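Inspection log for the structure reproduced underneath, given as structure tokens.
The values are calculated or read from the model by the stated rules, or taken from the named source; none is laboratory data. Since we're looking at a predicted model, the values are computed, not measured. Heads up, the Cβs are rebuilt from the backbone with ideal geometry, glycines too, and the neighbour counts pull from every protein chain shown. Only protein heavy atoms, including side chains, enter the accessible area calculation; ligands, DNA and RNA are left aside. Shrake-Rupley method; radii C 1.70, N 1.55, O 1.52, S 1.80 Å.
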Amino acid sequence: MDPRERNPGQEAVEAKGWLAANRWLILRRTSQLGLLLLFLLGPWFDIWIVKGNLASSLTLNTLPLTDPLLLLQELLAGQWPVSTAFIGAAIVLTFYFLVGGRVYCSWVCPVNLVTDSADWLRRRLGLRGGARFERATRYWMLGAVLMLALVTGTLAWEWINPVSMVFRGLIFGMGLAWFMVAAIFVFDLAVSRRGWCSHLCPAGAFYGLLGRGALLRVTADRREACDDCLDCFVVCPEQQVIRPALKGTGKGIGPVILSGECTNCGRCIDVCAQDVFHFTTRFNNHPPLVGHDEKSEVLP
Amino acid sequence: MNEASKKSADAARRKFLTDIVRTAGGVGLMALDVGLFARQSAALPATAIRPPGALPEDDFLGACIRCGLCVRDCPYDTLRLSKPGEPVPTGTPYFVAREVPCEMCEDIPCVAACPSGALDRKLEKIDDARMGLAVLIDQENCIAFQGLRCEVCFNVCPIRGKAITLEYEHNRRSGKHARFLPEVHSNACTGCGKCEEACILEEAAIKVLPVHLAKGELGHHYRLGWKEKQRAGGALVSPDQPHHYNLPKNLDCDLQGQGLLKKEGDKEVPYSSNPLDTLNRKGGL
């Protein structure tokens, strides 16, 4: 493997300095660990700012937040929650609809720490290949999870759901959930690159669908500066979303990454020595004018 | 369309279909496994008691989103969330009566905290909760049944005198003492588990069980004659007639405790007050 592929972002560190080349990564880890700490302040230090877990929580005894996917499963299972659950889910839906659904995956979900580490180690060890399956598998998984709730009348997925199990475990006691963490780590390390978060996880699929119209997006607005070093591609958990935006000039595709599958992790912004990527809104997507366009003809 | 592009279109269609079948097969197998596993492990151990107001277990498992807010708002740390690997569906709340029973808070904070409706807000009075039912399950070892004074379960019961009463009974072993036997009444017992926690035995003789395990149910076609009679205000099948025993003149018998009765108003007694007269009488009684 190309040494560059083992250590993407080296050029960015040299060009921008270590801090600027890891800015979004640091912010993201701060967000993930900070949220976890916020939930742990109660059980560890008896400071109750947030109660509950990501399934449903109550902040400062006023703000309810509820996982909309769980609420949907509960409704399919034929049960009816109380109004605070609907309010909580509406707040969560609105938030992720604005900032991008999969911000949940890269800025909140604790499993992301596990799979990011696995991917890092995979690069370091130069592991390649492994089992390949469609990224769309996750949408099938999402369908299966919803069908399970409908058919069994229980939240069957919750028996094995690693995402809720790990976060709940960290707050309420892990039990055997460490095995689940280890299994996902090994799966992503040795079986399939980004196998869990980018191929299988039904929560990721759900938030991906939710984020299709998200306001906050990453743009390759300086794509003409791209020197094809592939560093962004190597670090990206959803590589397929980069190409249309980065290489779409000739096809009249705008520089903004519009796919809901982009997790807004911002790692591409970090590792790019040419400063191609930035955060922006979806409305800043001005496709280049191609071919014989009237406007281009009248331009001086 | 020429031959080559037709072939490649065929290949593409073929790949598309195999990919779909492959994914659907894999995911379907996963779903089947998860469904079967969830179904199999839905059985709750008898010692795991759900919080007050919990829906029937089948509904509960469809409603509880496993957020732990009930656990957080339980002021006595009675409730806990099941960890992966425990025999209770993972992430759902329960308590073990022998370890920490429910203190039956009047404001029922666990129910108020529940966003999913798995703990039913229709439960307004904690006395109406039916978390389980206490059963004096081992009469062989309960020391009250040995004729010793204990009554601990009776005394710790929050609804003492209604949920658990003491029934006095003759002690046939000693012949001269009473036994003070605790008796649980399902119309008042909430299943809080205070009795089970307090039982002085090494292994509690009184235990809180899920109601469906603890209670029998009469066949729905059964009609208890005396209740029907009471409800109707009189006998429904044949007119009420006093039972006639084949007894000496002027005597009657009451089987409900009073025994042999002399008919009122009769001064003449068919037997002498001296027992020897009766014994020496010819022809027996």
### Query
In whole angstrom, how far apart do the alpha carbon centroids of region B:103-131 and region B:193-220 sit?
21
### Message
Can you list residues from other chains, or at least 5 along the same chain, whose modelled amide H is less than 5 Å from the amide H of residue A:217?
### Response
A:280, A:281, A:282
#### Entry: chain A, accessible area per residue, ligands and nucleic acids excluded (1.4 Å, Å²)
45
### Task
Return the Cα extents of the protein assembly as shown along principal axes one, two and three, sorted largest first, each rounded to a whole Å.
145, 60, 42
### Query
Across region B:87-99, in residue order, what do the Karplus-derived ³J(HN,Hα) couplings come to in whole Hz, using 6.51 cos²θ - 1.76 cosθ + 1.60 with θ = phi - 60° and x for Gly and Pro?
x, 9, x, 4, x, 9, x, 7, 9, 10, 4, 5, 8
### Query
In square angstrom, rounded to the nearest 10, how much accessible surface does residue B:73 have for a 1.4 Å probe?
50
### Message
Give the average, rounded to an integer, of partner chain Cβ atoms located within 10 angstrom of each Cβ in B:26-39.
### Response
6
### Message
List, by residue number, every residue in region A:129-157 with a reduction of 50 Å² or greater in accessible area between the chain on its own and the complete protein assembly, 1.4 Å probe.
### Response
A:134, A:140, A:148, A:155
### Query
Average projected area of the Cα convex hull of region A:100-215, in nm²?
8.1
### Summary
Contact-by-burial set, region A:62-76, min loss 40 Å², accessible area of protein heavy atoms with 1.4 Å probe, reference chain alone, gives A:74
#### Entry: Phi to ³J(HN,Hα) by Karplus 6.51 cos²θ - 1.76 cosθ + 1.60 over region B:189-195, Hz, x for Gly, Pro
5, 8, x, 5, x, 4, 5
### Query
Cα gyration tensor of chain A, axes a ≥ b ≥ c as square roots of the eigenvalues: rounded (a/c below 1.5), prolate (a/b > b/c) or oblate?
prolate
### Message
Once the convex hull of the alpha carbons of region A:42-139 is built, what does its volume come to per residue, in cubic angstrom?
### Response
159
### Query
How many angstrom separate the Cα center of region A:138-166 from the Cα center of region A:249-265?
30
### Task
With a cut-off of at most 13 other beta carbons within 10 Å, and DSSP calling the residue loop, which chymotrypsin sites (Phe, Trp or Tyr not before Pro) in region A:1-66 qualify? Please list them.
A:18
### Summary
Note to self: C-alpha centroids of region B:1-73 and region A:65-96 sit apart, in Å, by 19
## Note on the structure
Contact-by-burial set, region A:14-61, min loss 20 Å², accessible area of protein heavy atoms with 1.4 Å probe, reference chain alone, gives A:48, A:51, A:52, A:55, A:56
#### Entry: Cross-link partners of residue B:194 among lysines (Cα-Cα below 24 Å; sequence separation of 8 or more within a chain)
B:122, B:125, B:162, B:207, B:215
### Message
Under a Cβ-only charge scheme (Lys and Arg +1, Asp and Glu -1), can you give me the dipole magnitude of chain A about the Cα centre, in debye to the nearest 20?
### Response
320
### Task
Check each of the trypsin sites (Lys or Arg not before Pro) in region B:141-202 and keep only those in coil by DSSP with at most 15 other C-beta atoms within 10 angstrom; list them in order.
B:149, B:162, B:172, B:173, B:176
### Task
Please report the relative contact order for region A:148-286, taking Cα pairs under 8 Å with a sequence separation of at least 6, and give it as a percent rounded to a whole number.
24
### Message
As an exercise, find the ratio Rg/Rh for region B:167-280 from alpha-carbon atoms, using the Kirkwood inverse-distance average for Rh.
### Response
1.16
### Message
Quick check: at a probe of 1.4 Å, how many percent of the accessible area of region A:189-228 sits on carbon and sulfur atoms?
### Response
58
## Note on the structure
chain A: relative contact order from alpha carbon pairs under 8 Å, six or more residues apart, as a whole percent, is 24
## Note on the structure
Taking only C-alpha positions in region A:29-89, Rg and Dmax in angstrom work out to 13.1, 38
### Message
Residue by residue through region B:171-180, what is 3J(HN,Hα) from phi via Karplus (6.51 cos²θ - 1.76 cosθ + 1.60, θ = phi - 60°)? Round to whole Hz and write x for glycine and proline.
### Response
8, 6, 5, 8, x, 9, 10, 10, 9, 9
### Task
Name the residues whose placed amide hydrogens come within less than 5 Å of the amide hydrogen of residue B:134, ignoring near sequence neighbours (fewer than 5 apart) on the same chain.
B:191, B:209
### Query
Per the helix-only calculation at 222 nm, which mean residue ellipticity applies to the protein assembly as shown, given -39500 (n - 2.57) for every DSSP H run of n ≥ 4 and division by its residues, nearest 500 deg cm²/dmol?
-11000 deg cm²/dmol
### Summary
For residue B:179, other-chain or 5+-apart residues with amide H closer than 5 Å (H placed, Pro excluded) are B:169, B:170, B:171
### Task
Quote the total accessible area buried by chains B and A together, excluding ligands, DNA and RNA, probe 1.4 Å, nearest 100 Å².
3300
## Note on the structure
accessible surface per residue for region B:146-214, probe 1.4 Å, DNA/RNA/ligands not counted, whole Å² -> 57
### Task
Mind checking region B:65-118 for GluC sites (Glu not before Pro) that DSSP puts in a loop (not H, G, I, E or B) and that have at most 11 other Cβ atoms within 10 Å?
B:106
### Message
Compute, for the protein assembly as shown, the length of the dipole vector about the Cα centre, with Cβ point charges of +1 (Lys, Arg) and -1 (Asp, Glu) only. Units Debye, rounded to 20.
### Response
900
